[in-house]
Amino acid sequence: MKDTRETAQDYADWLVKTGGFARDMTLRDWYMGTVVQGLLTAEIVGDYSNEHVVEIASVITDAMLKERAK
């Protein structure tokens, strides 16, 4: 995870700004940005802090990558 993207909104903004593609983007970065964006858009995370949203997205992202590797 890049140091400049620390909050859920940072990931969502970064994904929008880059159009989902950037030279330094890893597959995990893309998944993470997409998951965070989905969580924020669906307002699933409600009262959770940014740190918790990033943690939730991290768990989902890791599960997606693990499933993809099968």
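Inter-label distance, Y48 to D13: 2.0 nm, where each label sits 7 Å from its Cα along the C-beta direction.
Length gained on full extension, L27 to A69, computed as 0.36 nm times the residue gap minus the Cα-Cα distance: 13.9 nm.
Our coupling estimate for segment 51-63, obtained by passing each phi through the Karplus curve with A = 6.51, B = -1.76, C = 1.60 and θ = phi - 60°, is 4, 5, 5, 5, 5, 4, 5, 4, 5, 5, 4, 4, 5 Hz, Gly and Pro reported as x.
In terms of the mean number of neighbouring beta-carbon atoms within 10 Å, the peptides 32-42, 56-66 order highest first as 32-42, 56-66.
We did not get these values from a lab; they are worked out from the coordinates using the rules stated. This one's a predicted model, so the numbers in the text were calculated from it and none came from an experiment. We place every Cβ from the backbone using ideal geometry, glycine too, and count neighbours over all the protein chains shown.
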